[in-house]
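None of the figures in this text is laboratory data; all of them are computed from the coordinates on show. What you see is a predicted model, and the numbers here were worked out from it, not measured in a lab. As a convention, Cβ positions derive from the backbone with ideal geometry for all residues, glycine included, and neighbour counts pool all protein chains shown.
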Amino acid sequence: MRTVEELGSVERSALACPALPTCGQALAESERRLPEMVGQIEDKLSAGGLNGRRLQLRMTGCPNGCARPGVAEVGIVGKTKSTYDLFLGGGLRGDRLATLYKEKVKFEEVPEILEPLLERWRDEGLEDEAFGDFFTRVLQP
């Protein structure tokens, strides 16, 4: 077992609902694919010089939002068996709703979509500014 200090900055707070195959409401995978998504996003953070920066990720297999993706900095919501809606900009304290950023994104495309946004966060973000705060201040459509 790993200690909390050994966990990645995304992994530490990532949350997913059980989704398929245990939930009858689920349209897509969530809990079983979360570790893969966490690893890919942490790789993007590391490659972009953001290693160690906190990023809150929540993922659900349907729009019911059991893992509260609607208030996460990065919320991934199952839309169909193979696509997800991507919500960005929620508040770390759950005090701001995330904005729908892209619809019907394939699971594998999520880290690629996030990469240029993470780079802008690195280059244009204020010191110690959370990604959700940065997204709301600078990138929100």
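Structure above, values below:
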quantity	calculated
Between 0 and 90°, nearest 10: helix 34-47 axis offset from the chain longest Cα axis	20 degrees
Dipole in debye (nearest 20) - segment 19-72, about Cα centre, beta carbon charges: Lys, Arg +1; Asp, Glu -1	200 debye
Segment 69-132: trypsin sites (Lys or Arg not before Pro) falling in loop per DSSP and having at most 12 other Cβ within 10 Å	LYS81, ARG93
Positive-end extreme of charge dipole, the chain - chosen from LEU114, MET59, LEU139 (charges on Cβ)	MET59
Two-decimal Rg to Rh for the chain - Kirkwood Rh, Cα set	0.95
Residues LEU114, LEU126, sorted so that the one with the fewest Cβ neighbours within 10 Å comes first	LEU126, LEU114
Potential extension, ASN64-ARG120 segment - 0.36 nm per residue separation minus Cα distance	17.1 nm
FRET E, pair GLU6, GLU112, Förster distance 41 Å, beta-carbon r, rounded to 0.05	0.90
Formal net charge of residues neighbouring LEU27 (Cβ-Cβ distance under 12 Å; K, R +1; D, E -1)	+1
Exposure proxy ranking, count of Cβ atoms within 10 Å, fewest first, for ASP95, ASP43	ASP95, ASP43
Footprinting exposure proxy for ILE41, ILE113, ILE76 (fewest neighbouring C-beta atoms within 10 Å first)	ILE113, ILE41, ILE76
Nearest-20 debye value, segment 16-128 charge dipole, Cβ charges on Lys, Arg, Asp, Glu	440 debye
